[in-house]
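*Asks:* Below is the structure I would like to discuss, written out as structure tokens.
Throughout, read-outs are computed from the coordinates displayed, never taken from laboratory work. Keep in mind it's a predicted model, so treat the numbers as computed, not measured. In this analysis, Cβ positions are derived from the backbone assuming ideal geometry, glycine residues included, and neighbour counts consider all displayed protein chains.
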Amino acid sequence: MTGRTTQAVIDRYFELMGRDEDFGICYADDVRWTTFDGYTVVLGSTAVRDYLTGLHHNMPDIRTRPLAYAAGTAYIEGDCADPRSPSTDRIAFCIAYEVADGVITAARCYGSIGFLGPS
């Protein structure tokens, strides 16, 4: 898989997400989402989509940097406001995506956003 093919998959994923459409179709059936603070693991396309929908709902004022692509991988960095604090504190995160056969097969989230996930 080339970096260009990886970029096409990830760009479609974020386009669907941005339009509130079913971005879960961009996942492999056995996709794995891992959040390393608290080690949350979510398996399966529907479960990961639902988890991320809930997570994003709890992440106010998300800001992201430009994506970085390589063959079979993509990375995005960002931050969001800390809903626990009235200050201007922000919570940083980085997500590493693995892509194969035209779908996202795994995503690993680094940062302290796990507490924002749906219950």
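*Asks:* Under the rule a/c < 1.5 gives rounded, and otherwise a/b versus b/c splits prolate from oblate, where does segment 39-81 land using the Cα gyration tensor? Let's see the in-between values first.
*Replies:* On the way: a/c = 2.46, a/b = 1.10, b/c = 2.23.
Oblate is the answer for segment 39-81, as a/c is 1.5 or above yet b/c matches or exceeds a/b.
*Asks:* Next question. At 0.36 nm per residue, minus the direct Cα-Cα distance, what do residue 30 and residue 62 gain on full extension? Give it in nm, one decimal, please. Mind showing how you got there, number by number?
*Replies:* Values: separation 32, 0.36 × 32 = 11.52 nm, distance 2.71 nm.
In short, 8.8 nm is gained.
*Asks:* For residue 9, what charge total do you get from the other residues with a beta carbon under 13 Å from its beta carbon, if Lys and Arg give +1 and Asp and Glu give -1?
*Replies:* -2
*Asks:* Could you tell me how far the Cα centroid of segment 65-106 sits from the Cα centroid of segment 1-64, in Å?
*Replies:* 10
*Asks:* If we count every other residue with Cβ under 15 angstrom of residue 98's Cβ, Lys/Arg +1 and Asp/Glu -1, where does the sum land? Present the calculation step by step, with values, prior to reporting the outcome.
*Replies:* Values: positive: 32, 108; negative: 29, 30, 101.
Net of charged neighbours comes to -1.
*Asks:* If I take the Cα coordinates of segment 1-51 and project them onto the principal axes, what are the three extents in Å, biggest first?
*Replies:* Computed over the Cα atoms, the extents are 32, 26, 20 Å.
*Asks:* On to the next question. Over the chain, what is the relative contact order in whole percent, taking alpha-carbon pairs under 8 Å and six or more residues apart? Before the final figure, lay out each step's value.
*Replies:* Values: 236 pairs, mean separation 36.4, N = 119.
Relative contact order here is 31 percent.
*Asks:* Starting from the 7 Å offset along Cα-to-Cβ, what nm value, one decimal, do you get for the label separation of residue 41 and residue 5?
*Replies:* Reported label-point gap for residue 41 and residue 5 is 2.8 nm.
*Asks:* Evaluate E = 1/(1 + (r/R0)^6) for residue 22 and residue 73, where r is the Cβ-Cβ distance and R0 equals 22 Å; express this FRET efficiency to the nearest 0.05.
*Replies:* Taking R0 as 22 Å, the efficiency between residue 22 and residue 73 is 0.40.
*Asks:* Once amide H atoms are placed 1.01 Å from N in the peptide plane, what residues at a sequence separation of 5 or more from residue 31, or on another chain, have their amide H within under 5 Å of its amide H?
*Replies:* 44, 45
*Asks:* Tell me the net charge near residue 107. Cut-off is 11 Å between Cβ atoms, residue 107 excluded, with +1 for each Lys or Arg and -1 for each Asp or Glu.
*Replies:* Details: positive: 32, 108; negative: 98.
Cβ neighbours under 11 Å give a net charge of +1.
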